[in-house]
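Single-structure report; data block below.
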Amino acid sequence: MKVGLVGCGTVAGYGHLPAIKSIKELELIALSDINEMRLKEYGERFGVKGLFTDYRDMLDSVELDLVTVSTSLNAHYEVVMECAKKGINVFCEKPLAENAEKGWQMVNAMKSAGKIFAVNFENRAKPYMRRIKNIIRSQELGRPMMMRFIYNWAGGRWAGKDRYERLMKEGMGPIVDCGVHYFDLVRWLSEDEFDTITADGIFMEGYENPDHAVALCRLKSGTLVVIDASWVYTHNSKDGTYLLRIDIECEKGIISYQMGPAPREVEFKYYGPNETIVEKSEEEEKPFITMYNDIIRSIKEGKLVDELASGEDGIKATEYAIMALEDALKKKRL
Ligand SMILES: NC(=O)c1ccc[n+]([C@@H]2O[C@H](COP(=O)([O-])OP(=O)(O)OC[C@H]3O[C@@H](n4cnc5c(N)ncnc54)[C@H](O)[C@@H]3O)[C@@H](O)[C@H]2O)c1
């Protein structure tokens with residue numbers, strides 16, 4: 001399958017492109033970026049000759065089976081709409097779009113094109129997350145009553161102030177840029193939908209959007225959800241750090257997953273009526289190879305495989321994350 005990628009940035013460099021190159025069935029033949037220097041650098045690094053500063057030229061002149069869209073958020077819409085016009089399968093980065101209207105247009109255009117449209121919610125492909133989903137689905141712990149997610153990161157400050165400011169503004173800060181992963185995980189793990197979403201925020205460094213926000217939500221079945229996302233603490237610690245913590249409190253027991261703080265090992269705990277499991281393992285890598293293999297399978301079968309997030313999943317999680325941001329902004333104290 002011939003693959004092209006638009007947006008030769010951070011996530012393309014450490015995630016998408018190494019994964020695509022490592023899979024025999026995929027042939028990386030074209031790259032696009034508006035930044036000519038970066039395009040050239042990635043062309044050399046990943047051995048690609050088809051280099052385009054305008055993604056439309058790439059789509060016009062190269063036959064592609066799959067396009068990965070890993071541009072900054074503000075370009076997702078135009079690239080996906082153009083791929084839909086050309087009838088090309090798409091794997092798009094999160095958040096899907098800057099607002100629900102554009103997101104649904106993308107979903108509908110890809111649906112009319114009859115092509116695969118997957119969104120990168122990579123947590124769904126992590127072995128521990130798949131294990132937690134199976135536990136919830138089996139109902140061995142009964143119904144989840146409370147799902148709590150804490151994501152504490154430095155917002156990629158090491159890449160410079162410009163990038164951080166872009167993530168705070170265009171990326172809409174931690175509750176959307178990172179929080180969207182957890183709004184998706186809640187839907188995927190619970191197989192339920194959000195009913196109410198409220199949120200409040202802290203504006204530690206004076207940006208327009210909160211640099212720490214906490215959403216308190218309820219699902220249609222009654223389950224409570226807390227999503228707590230921040231970028232303003234870990235960089236102040238001596239060794240810098242990172243924390244992802246998930247607690248699922250069910251009628252008959254608790255599942256707990258924690259990655260970090262440094263060293264970034266994973267701790268998985270299961271307290272059920274019949275057994276207790278405590279496991280420690282190394283940090284889970286982002287599972288890009290698993291996702292590309294799922295995409296290959298989807299293209300072959302002509303329908304998105306269950307393990308992948310669809311365009312609808314992409315926009316629903318984005319809408320919920322934006323609702324949380326908007327509620328936090330309403331309560332902003334000057
Ligand atoms: N799923 C994940 O784990 C994960 C991790 C990081 C970033 N992301 C997402 O991936 C996307 C990219 O993030 P990043 O951190 O790599 O950003 P980045 O700023 O490092 O890279 C984005 C690249 O897109 C290019 N670009 C912008 N507009 C373009 C256009 N019209 N045509 C071609 N190229 C264009 C930029 O020049 C830049 O090189 C964002 O949506 C982000 O939220 C996802």
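Overview of results
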| item | result |
| --- | --- |
| Shape category assigned to the range 186-307 from the gyration tensor of Cα positions, a/c cut at 1.5 | rounded |
| Stretchable slack from LYS220 to TYR207, in nm (0.36 nm times residue separation minus alpha-carbon distance) | 1.4 nm |
| Label-point separation, GLU326 to LYS86 (7 Å along Cα→Cβ), nm | 3.4 nm |
| Entries of LYS24/LYS303; LYS169/LYS220; LYS49/LYS286 with Cα pairs more than 23 Å apart | LYS169/LYS220; LYS49/LYS286 |
| Helix-derived mean residue ellipticity, 222 nm - over the chain, DSSP H n ≥ 4, -39500 (n - 2.57), to 500 | -11000 deg cm²/dmol |
| Separation of the THR276 and GLU41 label points, Cα + 7 Å toward Cβ, nm | 5.0 nm |
| Packing-based exposure ordering (other Cβ within 10 Å, fewest first) of ASP192, ASP211, ASP162, ASP54 | ASP162, ASP54, ASP192, ASP211 |
| Alpha-carbon centroid distance for the pair the range 1-61 / the range 268-334, whole angstrom | 25 Å |
| Packing-based exposure ordering (other Cβ within 10 Å, fewest first) of ASP306, ASP65 | ASP306, ASP65 |
| ASP195/ARG148 FRET efficiency (R0 22 Å; Cβ-Cβ; nearest 0.05) | 0.80 |
| Least to most buried among ASP313, ASP195 (fewest other Cβ within 10 Å first) | ASP195, ASP313 |
| Length added when fully stretched, ASP306-LYS238, from 0.36 nm per residue minus Cα-Cα | 20.3 nm |
| GluC sites (Glu not before Pro) lying in DSSP loop within the range 27-97, provided at most 11 other Cβ fall within 10 Å | GLU63 |
| Dipole magnitude (debye, nearest 20) for the chain, charges at Cβ of Lys, Arg, Asp, Glu | 160 debye |
| Rounded FRET efficiency, nearest 0.05, which uses the C-beta distance separating ARG157 from SER112 and R0 of 45 Å | 0.65 |
| Hits among aspartates and glutamates - C-alpha to C-alpha of LYS269 under 17 Å, sequence gap 8 or more where chains match | GLU140, ASP247, GLU249, GLU251, GLU279, GLU282, GLU283, GLU284 |
| Whole-Å distance, taken between Cα centres, linking the range 215-242 and the range 116-179 | 10 Å |
| Simple label model, 7 Å out from Cα along Cβ direction - ALA100 to GLU265, nm | 4.4 nm |
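Any read-out appearing in this document is the output of simple, stated calculations on the displayed coordinates, not a laboratory observation. Quantities reported herein were computed from a predicted structural model and do not represent experimental measurements. Here Cβ is always computed from backbone atoms with ideal geometry, including for glycine, and neighbour counts include all displayed protein chains.
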